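Taken together, the values in this text are just the output of simple stated rules run on the coordinates, not laboratory data. Since we're looking at a predicted model, the values are computed, not measured. Positions of Cβ are backbone-derived with ideal geometry, glycine not excepted, and every protein chain shown enters the neighbour counts.
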Amino acid sequence: MEKNLQKAASLLLKSSHTVAFTGAGISVESGIPPFRGKDGLWSKYDPKVLELDYFFHEPDVAWPKIKEIFYDFFGEAKPNVAHTVLARMEREKLLECVVTQNIDNLHQAGGSKKVWEFHGNSQWLICPGCKKKLHVDDVDLSQLPPRCVADGEVLKPDFVFFGEGIPDAAYHHSFEQASQCEVMLIVGTTGEVMPASMIPFEASKRGATIIEINPEPSCYTDKITDLFIRGKAGVIFQALEKLLFN
Ligand code: NAD
């Protein structure tokens with residue numbers, strides 16, 4: 001691992017355009033489980049609460065589960081060293097931006113400024129009627145489902161549900177960044193969720209070097225990863241920070 005870490009640091013120090021592509025794994029050490037796997041969220045909750053049709057037909061059933069997962073539970077999480085080192089890399093001009101599949105706001109909480117959120121952000125709710133967006137802190141979640149004060153519609157978390165399209169700007173800028181970067185740093189994703197999973201393939205096709213950090217191989221590892229660093233994001237980023245900044 002030590003040798004690969006040094007190679008990664010050297011590639012990152014030389015690169016003029018690095019993009020980080022992150023998934024649920026980067027937030028595991030902040031206490032947020034991924035969706036899949038033995039201890040994943042879907043081993044405890046039924047994923048249909050995030051299906052668009054189900055949500056609108058059964059908001060009284062879906063909202064209490066959504067509140068439990070994304071507001072009571074995610075709400076307690078704090079950024080870990082992987083988030084804060086990526087933010088430091090951005091400040092020190094070693095990272096152009098983060099493209100994330102996560103909806104937990106932890107990159108921004110860790111200090112990152114340029115973050116393209118491919119699947120939206122759980123901190124915001126949207127009224128499907130008047131399209132007004134509200135920060136979760138300004139919404140009373142003690143009465144479920146929460147409703148828009150203007151038109152009475154059930155508010156929906158402003159992240160991408162199953163059966164919903166990707167926000168235009170995030171889609172466009174994420175693929176644009178993938179096509180322009182010299183190095184893509186993939187952190188903590190299985191690469192199983194389409195179309196987000198295509199972003200690293202786009203980067204690789206356009207000639208980027210792919211560095212991947214994950215305790216387990218992903219669908220990228222054997223196909224496009226040039227340098228695989230096996231391990232937990234927090235542990236790896238702690239070591240990487242020393243190599244990059246000392
Ligand atoms: P996933 O659940 O499919 O896979 C998680 C990946 O993280 C796996 O490859 C696993 O080996 C790796 N991992 C586990 N612990 C890790 C650690 N400590 N450090 C680094 N990697 C670790 O996640 P995905 O590929 O991101 O896809 C799931 C979808 O679910 C995404 O679209 C995302 O929007 C959503 N999701 C988001 C959050 C969040 O916002 N934190 C949490 C769960 C799911």
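Among H57, H83, H173, the ranking by other beta carbons within 10 Å of each residue's beta carbon, starting with the fewest, stands as H57, H173, H83. Amide H contacts under 5 Å for G231: N214, E216, restricted to partners 5 or more places along the chain or on a different chain, H placed in the peptide plane at 1.01 Å from N. Electrostatic tally near S112: other residues with Cβ closer than 10 Å to its Cβ, Lys and Arg +1, Asp and Glu -1, net +3. Other residues with beta-carbon under 11 Å from the beta-carbon of Q180 carry, at +1 per Lys or Arg and -1 per Asp or Glu, a net charge of -3. Shape of segment 139-246 from the C-alpha gyration tensor: prolate (a/c of 1.5 or more and a/b above b/c, with a ≥ b ≥ c the square roots of its eigenvalues). Note on the chain: with a GNM built from Cα contacts shorter than 10 Å, the maximum mean-square fluctuation among Q177, Q108, Q143 falls on Q143. H57 sits among other residues whose Cβ lies under 12 Å from its own Cβ, and their net charge, with Lys and Arg +1 and Asp and Glu -1, is -3. Here the extension length gained between K242 and F162 equals 24.8 nm, from 0.36 nm per residue of separation less the Cα-Cα distance.
For a Förster distance of 35 Å, can you work out the FRET efficiency between the beta-carbons of H17 and K65, rounded to the nearest 0.05? After rounding, the FRET efficiency stands at 0.30. Qualifying chymotrypsin sites (Phe, Trp or Tyr not before Pro) in segment 1-70, where qualification requires a DSSP coil assignment and no more than 15 other C-beta atoms within 10 Å, comprise Y45. Among beta bridges identified by DSSP and lying wholly in the chain, the antiparallel ones come to about 25 percent.
Kirkwood analysis of segment 19-178, using all unique Cα-Cα pairs, places the hydrodynamic radius at 16.5 Å.
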